[in-house]
Every structure is written in structure tokens, then in C-alpha cells.
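To start, the structure under review is shown below, and the notes come after it.
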Ligand code: DAH
């Protein structure tokens, strides 16, 4: 029987040494030490031994059981250790590799120019306001003295949202909202997006940007308009830039002007940017029409005002010599990274 026990020991340890997985080991344990395992079967036959043999065989069997248990525990530990090593190897992070640099964003050129413009007007005592991009027909046209059948509407065809609602074609709508809610003196600029159903090309986009300006107080004259806008142009383009006021027409101002600056590209000599005129138009302006003041509950006999609408996209393209307005909206990083 002792030989048999040693044979079991040898077989078991041999099986353990070739086991690859924890399941292999468990199978060995069941085969030799389990309820019906080979060693267990031997122990059950102890009763057949003589009283002298019994303690000797018993001792040997116990020793072999302990040895096999220890071999099993060791093998399990080794397998676990090996699995851990494999996992560590697979998940290894190479800390010597250069990191991924996170890019920090920058301001869009339109916002750079807008911020400059806001600084200029705030330093002249203006507040900054805004208005909704989805407007009613009343604020965008009617209250600005552009009734339903007025030909001026043709130039500002837009996107209509159901009855009476439209995407505003001009920030001038914000003038009306301001005058409804504030008593003079008023000095405010309202920057924002505007929309027109224009075909996209190098100088047109169905979405673009304006900055509306409005001043209403007692005794405001055309001189205030000219002085304010000249100051603004000189701060944006430099004091050597010439400013030209051209008579024009807007239904909500009387008189109305368009303001040109000497072409920043050629200095006024004429080039492809200014279409050989030497001038670039940057805004429309005028003295607020008495009708518009009245509509907003401001007495035109007591108060007067001037207003202007600057094309922010034009300001930006001329300042940075950008030849195509589409670049401002495509958000190509190769373009944006230059600012
Ligand atoms: N809203 C005009 C446009 O989009 C620009 C303009 C002209 C605004 C004269 C004004 C103004 O406030 O007084 O063409």
C-alpha cells in the first residue's frame, strides 16, 4: 500500500507540474484528493491493514496529502503570478513616449474685430445690447418705416418662419426694441448675426454680421454722427485713413449716408479689392427718421438721434486682407490658426 501511495504522489506531482491553467490544477485535485479521489480511496481501505501497519501508512498518506496540497497551492500561485505578468506586459504604458499636446483655441477673426469695435464704442460711452435673431415683421420692417409694399424689402429678402416671423435681415430691428424699452439719452451698439437669402460667393453669404449703433438725445446732429464715425474709422483702420460720407437712402433715416473708407489695400490708388474706386463701403448711417422716433414713443420735436449699421464681415476682411468671405464661415483650422 505504501508503494501505491508513493505512486499516487508521483503521478499527482507530475500532473501538477504540467498543468497550464487553474482548471487543470483543480482537475488534478479532484482526481487525487477529491471525495472519490485516488488517495481518498486508499485511506478508506485503511481498515484492512494490521494494527502495526496502520499508523505508518496513515502517517505516510497524510504526509503525501499535505505535500500534494502544497504542490497544488504553489502551482496555483505560479499560474496567477504568470497571468498577472502577462496582463501587466499587455497593458504597459510607455512613459517615455512624448505626450499629445492639447491645442488651445483662439478667437475667431470676427470676434477679434468685434471686441476692438466694442472697446472703441464703450470708450465713447456706448452700452452694448442685442436683439433676437428670429424677429417679427414689425421690428425688422414695419417699425423701421418699411411697410409691406415698400421696394426696399426686395433688397432684403430673407427666410420666413411661418406667419410674421423671419430671420432678421438687419440689426436695425434692435434699435426699435431699445427705444421701446429705454428713455433717452440712448447710446448703444447691438452686434449680431443677420440673414438674407443671398447666393453664396466671395462677397455674399446668407449669414453675416452687423453692428447697429444708436444715439438719441436732445440736440443730436449730423455733426455728432460724422465725428463719432470718423473717430471709429481712425481707431479701426489708422488715423491716415480717409472717410467719405456719400448721400444715400434708408427708409428709417433722413438724411441717410453711406460711409466709405480709403481702401486699406492700395491706400486709395485703386486695386482689385476696391474695384479700382479707391474706396470701400463699410456702413450705412443717418439721422433717425422722425416717424421712427414717434413709433417708439419718443417725441421728435424734443429729441433727435443718429444711427448706423456696420458690416462686421467687411470690416474683418478688409482689415486682414481676406479675399473671400467664405473663409470666415468654413472654420478651416489652417485659416483660423493665423489669427
Ligand atoms: N440696416 C441697414 C442695412 O442693413 C444699415 C443701416 C443703415 C443701419 C442706416 C442704420 C442706419 O442704423 O441708420 O443695410
message: Here is a check on your reading of the model: is residue 178 within 13 Å of the ligand (Cβ to nearest atom), assigned to a loop (DSSP other than H, G, I, E, B) and in contact (Cβ under 8 Å) with a residue 12 or more places away in the chain?
response: no
field: Condition check for residue 220: in the same structural domain as residue 143 (by TED's automatic domain parsing) and in a loop (DSSP other than H, G, I, E, B)
entry: yes
field: Pick from the stretch 131-153, criterion within 13 Å of the ligand (Cβ to nearest atom) and free of Cβ contacts under 8 Å to residues at least 40 places away in the same chain, ranking: nearest to residue 254 (Cα to Cα)
entry: 141
task: Would you mind stating whether residue 326 is touching a helix residue (DSSP H, G or I) at 6+ places or on another chain (Cβ under 9 Å), more than 16 Å from the ligand (Cβ to nearest atom) and touching a residue at least 60 places away in the same chain (Cβ under 8 Å)?
output: no
message: Among the residues that make up the stretch 294-315, is at least one of them surrounded by fewer than 18 Cβ atoms within 10 Å (Cβ to Cβ) and closer than 13 Å to residue 260 by Cβ?
response: no
- line: If we ask which residues in the stretch 232-244 are surrounded by fewer than 19 Cβ atoms within 10 Å (Cβ to Cβ) and more than 11 Å from residue 281 (Cβ to Cβ), their number turns out to be 8
- prompt: For the stretch 14-41, which residues satisfy the criterion of being exposed (fewer than 14 other Cβ atoms within 10 Å of the Cβ) and in a loop (DSSP other than H, G, I, E, B)?
  reply: 20, 21, 35, 36
Test: residue 70 is modelled with pLDDT under 90, out of contact with any helix residue (DSSP H, G or I) (no Cβ under 6 Å at 6 or more places or on another chain) and not assigned by TED's automatic domain parsing to the domain that holds residue 323: no
task: Please state which of the following conditions residue 233 fails to meet, knowing it meets all the rest: (1) assigned to a helix (DSSP H, G or I); (2) within 10 Å of the ligand (Cβ to nearest atom); (3) over 20 Å from residue 255 (Cα atoms).
output: (2)
Of the criteria (1) touching a strand residue (DSSP E or B) at 6+ places or on another chain (Cβ under 9 Å); (2) more than 20 Å from residue 312 (Cα to Cα); (3) away from the ligand (no atom under 12 Å from the Cβ), which one residue 253 fails: (3)
statement: The one condition residue 102 fails out of (1) surrounded by 10 or more Cβ atoms within 10 Å (Cβ to Cβ); (2) out of contact with any helix residue (DSSP H, G or I) (no Cβ under 6 Å at 6 or more places or on another chain); (3) not assigned by TED's automatic domain parsing to the domain that holds residue 213 is (1)
- prompt: So, of the residues in the stretch 245-274 that are in contact with a helix residue (DSSP H, G or I) (Cβ under 6 Å, 6 or more places away or on another chain) and assigned to a loop (DSSP other than H, G, I, E, B), which turns out to be surrounded by the most Cβ atoms within 10 Å (Cβ to Cβ)?
  reply: 252
task: Count, please, the residues in the stretch 296-308 that happen to be within 15 Å of the ligand (Cβ to nearest atom) and more than 16 Å from residue 186 (Cα to Cα).
output: 0
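The values are calculated or read from the model by the stated rules, or taken from the named source; none is laboratory data. In this text, all values refer to a predicted model and were calculated from it rather than measured experimentally. In this analysis, Cβ positions are derived from the backbone assuming ideal geometry, glycine residues included, and neighbour counts consider all displayed protein chains.
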